[in-house]
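The values are calculated or read from the model by the stated rules, or taken from the named source; none is laboratory data. Since the model is a prediction, treat every value here as computed from it, not as a measurement. Neighbour counts are summed over all protein chains in view; Cβ atoms, including those assigned to glycine, are modelled from backbone coordinates with ideal geometry. Side chains included, ligands, DNA and RNA excluded: accessible areas come from the protein's heavy atoms. Shrake-Rupley method; radii C 1.70, N 1.55, O 1.52, S 1.80 Å.
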Amino acid sequence: MRKAFVLDTNVLLFDPNAVNKFGANDVIIPITVIEEIDRFKREMSENGRNARYFSRLMDKLRKEGTLSQGVKLPSGAILMVELGVSGPLPSDLSSDRPDNRILATAMNMRKMQPKRPVVFVTKDTNLRIKADALGLDAQDYEPTTVHSDELYSGVTHLNVSAEVIDEFYAQKKVQLKGAQLQANQYVILKDAANQHHTAMGRYNREIDFLVPIYKPAEGLWGIFPKNSEQSFAIDMLLNDEIKLVSLVGKAGTGKTLLAIAAGLVKTVDEGVFQRLLVSRPVFPLGKDIGFLPGDIEEKLNPWMQPIFDNIDFLFGASSAKSRRGAGKGCQELMNQGLLNIEPLTYIRGRSIPQQFMIVDEAQNLTPHEIKTIITRAGDNTKIVLTGDCYQIDNPYVDSNNNGLAHVVERFKGEPISGSVTLQKGERSKLSELASNLL
């Protein structure tokens, strides 16, 4: 039996193409939702862009039929705009509130067709609670949900014979027959008889062999890996064949520091890329302090200070004098055009070629925003996403449906991408203890 999905406004602001995601069922848009979308369309934020996109989509569909009677979508769904009704709501729920009028539409549909399943879809937790109290089937909209506990880690452990490990060291490659591995997945081989006899490698799907990881003798600007996951991250960051790198992990695991260090190596030392571009979404932790004075550079300084801290640390950690960047501060690299630090606000419409691009705190981005960023990549551009799916400041995403988790899962197994989850905090004993206990 065809279901009727009644959509809330926040679903369409999260994904303006959501009407095509419900299969061959009926998708109902209450007229109140159209009114709310109209209020958002003037904003210059992501919500405003999504509102304008949805309005254009509805106007296009209007030309193909009458929305009040239903328009067929390519997915087989029937899209309808339902006029407001004085539905059977309790007296405690005032019809002056848009949320309650949307609820009334869903309730009225269930009343008119009692045998037909009606599903109310909203990302508003409290509204789902109210809908459930009214006996409605209320669901969250999570078309690409990936539970953070089940997120692809990019690393696996295999028990093998001693001969396999010996062959790997001798031949610098080994074929693991029967192992189901993803492209660029990292493998820790363990001798079944001797757990201290181990090896680490990366699966190269093109040749179907496990190959050794790259370990730079001088480290990355004085930074050396402190655990196996950091070694894997360095291998990915320095591999020019891997164009999209995702580094996931809790605070203090070294995600941002390793990414910036690798970017400096590839940009300042080797000249593989023309510029190191570092960016992050602007979301405050706690209550916002309001507008900041000054030009765009002065306004950005508080938000980008973690980036400056990491770069200053790298300049202090590096003792090499032969580098182009040795002895130069962060500002001098920016003056020379080797380093650019900017917000993500104005990235739409750009094309970014020949750059090593780092997007820090990517867990605060929606899947649509992540798509916008990655599709900006021009020829010979490498994109590195870093973030912690449990440290989210964006009220419109959570640990399961944020853009970083979306990318890790969707790009899993692609030969030009790779992902590693860093488990162990290396910032300090206090930082590691706080991450685990608080």
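Before moving on, here are some points about what is shown:
- Sequence of Arg350, Arg62, Arg116 from largest to smallest accessible area, 1.4 Å probe: Arg62, Arg350, Arg116
- Leu57/Lys115 FRET efficiency (R0 30 Å; Cβ-Cβ; nearest 0.05): 0.45
- Projected label points at Glu241 and Ser75, each 7 Å from Cα along the beta carbon direction, are separated by 3.8 nanometres.
- Estimated [θ] at 222 nm from DSSP helical runs (n ≥ 4, -39500 (n - 2.57)) normalised by residues in the chain, nearest 500: -9500 deg cm²/dmol
- Shape of the stretch 332-385, Cα gyration tensor, a/c cut at 1.5: prolate
- Computed FRET value (nearest 0.05) for Thr125 with Asp96, which takes r as the C-beta separation and R₀ as 25 Å: 0.70
- Put simply, when 105-112, 3-10 are sorted by average Cβ atoms within 10 angstrom per residue, most first, you get 3-10, 105-112.
- With the convex hull of its Cα atoms as the shape, the stretch 36-97 has an orientation-averaged projected area of 6.1 nm².
- Tail fraction, Cα-Cα pairs, the stretch 8-132, threshold 20 Å, whole percent: 43
- Whole-percent carbon and sulfur share, accessible surface of the stretch 118-243, 1.4 Å: 45
- Site pair Lys371 and Leu83 shows an inter-label distance of 3.4 nm when each label is modelled 7 Å from Cα along Cα→Cβ.
- Paramagnetic reach from Asp132 (point 7 Å along Cα→Cβ, amide N under 20 Å) across the stretch 5-34: 5-11
- Under 15 Å, Cβ to Cβ, from Gly70 - net charge with Lys/Arg +1 and Asp/Glu -1: +3
- Using the alpha-carbon positions of the stretch 126-220, Rg (one decimal) and Dmax (whole number) come out as 21.7, 68 Å.
- Backbone HN-Hα couplings from phi across the stretch 59-73 [Karplus 6.51/-1.76/1.60, Hz, Gly and Pro as x]: 5, 5, 5, 4, 6, 9, x, 8, 5, 5, 9, x, 10, 7, 9
- Normalised alpha carbon radius of gyration of the chain [divisor 2.2 N^0.38 Å]: 1.15
- Sites Gln195 and Ile352, calculated FRET efficiency, Cβ-Cβ separation with R0 60 Å, nearest 0.05: 0.85
- Amide H contacts of Phe5: Asp26, Val27, Ile28, Val119, each under 5 Å away and 5 or more positions distant or on a separate chain (H built 1.01 Å from N in the peptide plane; Pro and chain starts excluded).
- Cut-off 13 Å between beta-carbons: net charge of the residues surrounding Gly378, Lys and Arg +1, Asp and Glu -1: +4
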